[in-house]
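Below is one structure, written out as structure tokens; comments come after it.
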Amino acid sequence: MTRRRLVPALAAVLGAVLIAGCASGVAGDDEIAIGTLHPLTGVNAGDGAQLENGAKLAVEAVNAAGGIKSLGGKKLVIAPGDTKGSAKTGQSEAQRLVSNGVVAMIGSYQSAVCANVAVVAERNEVPYLMDICGDDAILENGYEYTFRMQPPNKRFGASTADYVKEVTEQAGTEVTKVAYLRENTAFGIGVAESFKRRAAELGLPMGPEIAYDAASVSDLTTQIARVKASGANILVVSGYYRDGVLAAKAVATVKPQLDAVIGAANGAFDQPQFPKDAGAAGNGYFDVNYHINDKSKKGQDFVKSYAEEFHDTPRTGAALAYDSVMVIAAALEKSGSDDPKAVRDAMGKTDVTPVVLSDGPVRFDEAGENLSTLPILTQVLDGAPHVVYPTQFAVKPIVFPAGPGR
């Protein structure tokens, strides 16, 4: 697989001596270690556990099917790293895993962490497949060993604006103003900027853009009061799971006159436990996100296997981690080698059909973006999130208006 060369400034930064070989026995002679880098402790530990479990389920599936056959049936093992939600910790954990001989890494949920892990991956020439990480800038550095499974922020933001336009027009509802609530890191900023650019092209009138710190916020009623005062009838929210639930509860308390609350890559609104945690406050909420393919047998089997093994309902992030391991396993099989460079070269030559909704097998462009990604629209109906748009993937029809006070 051909990729762009590193830009000169970055190449100079990453021109350090490479770390090679397997130290301290992460994997045995008949095993191949894949490093996982997720927030296993801290405020995002729930999502980190889901991602880690998805990776484990993929490893079990590969091993149960005979391991990597082109390498004599070698088994896969997970070498976990806890980022703790910290970019600095994620970087040191990535370096530790590379030093211990992992053949590839996946992760890492937060864009700032992903950015630092990518530097380690490039410096050491070890493939890094970002399962959840939306920051556009990461793959604008000319990286050769870093890839992304999910859609980038720019696609989420633009798709959300498109869906707002299409859904409101189909319902015959005028968009008086769109308010935007977002967390204040590269993730929230990037999705919001992309949304605003597309909204301007579509003629969607924008209201206030309101930011908050997802790591420390404990209540969002003040922010939602600003939304109410603005007179916006559409609220778009970009954030993580915990703050997504806080936003829903704040909307229920403040009661702005909204026709819809729509997540743009929101970490809560399309998750199976959101209706339970948010209660009636979450009814009708939309989200534009990646999603497990509920209509496919592969997707249904994944949900069943996850529930049986972990006694929990999988979030879509678990499926992205599962798909990421499957892509690396396929690259190992295709290359017939556990050399990281050979695995990297085979990453774009596999035919893995993901558990997550897509328009075909996983395939990467020159920058490392997954070309098969497909942001879709979900809505919480009858106590659970369902795909409602585009029509060919929908399992339920859209209910609109669906906002509080309507």
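The values are calculated or read from the model by the stated rules, or taken from the named source; none is laboratory data. Note that this is a predicted model, so its numbers are computed, not measured. Every residue, glycine among them, receives a Cβ derived from its backbone with ideal geometry; neighbour counts consider all protein chains shown.
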Residue count for the range 279-312, restricted to those that are on the phi > 0 side of the Ramachandran plot and outside the structural domain of Ala248 (by TED's automatic domain parsing): 1
Every pair of residues 6+ apart whose Cβ atoms lie under 8 Å, when the first sits in the range 58-81 and is assigned by TED's automatic domain parsing to the domain that holds Tyr322 and under 11 Å from Leu332 (Cα atoms) while the second is in a strand (DSSP E or B) and among the small types (Gly, Ala, Ser): Leu76/Ala33
Candidate set from the range 279-308 (those that are more than 20 Å from the chain's Cα centre (by Cα) and modelled with pLDDT of 95 or more); member that is nearest to Tyr389 (Cα to Cα): Gly284
Meets criteria (buried (at least 16 other Cβ atoms within 10 Å of the Cβ) and under 18 Å from Ser238 (Cα atoms)) for Gly282: yes
Flag for Ala121 being within 21 Å of Ala329 (Cβ to Cβ), assigned to a helix (DSSP H, G or I) and not charged (D, E, K, R): yes
When residues of the range 91-131 are limited to those that are hydrophobic (A, V, I, L, M, F, W, C) and within 18 Å of Leu371 (Cβ to Cβ), the one surrounded by the most Cβ atoms within 10 Å (Cβ to Cβ): Met130
Pair list, Cβ under 8 Å, 6 or more apart: the range 321-335 residue in the same structural domain as Asn63 (by TED's automatic domain parsing) and farther than 11 Å from Met149 by Cα, other residue assigned to a helix (DSSP H, G or I) and among the charged types (D, E, K, R): Ala331/Arg344; Ala331/Lys349; Glu333/Lys69; Lys334/Lys349; Ser335/Asp345
Hits in the range 64-90 (condition: over 19 Å from Glu52 (Cβ atoms) and either buried (at least 24 other Cβ atoms within 10 Å of the Cβ) or of a type in the set (Val, Ile, Thr) (or both)): Ile68
Some residue of the range 216-233 being within 21 Å of the chain's Cα centre (by Cα) and crowded, with 16+ Cβ neighbours inside 10 Å: no
Any hit, the range 310-331, residues being within 22 Å of Ala33 (Cα to Cα) and in contact with a Lys or Arg (Cβ under 8 Å, 6 or more places away or on another chain): yes
Residue match in the range 351-359 (condition: crowded, with 24+ Cβ neighbours inside 10 Å, assigned to a strand (DSSP E or B) and not assigned by TED's automatic domain parsing to the domain that holds Gln170): yes
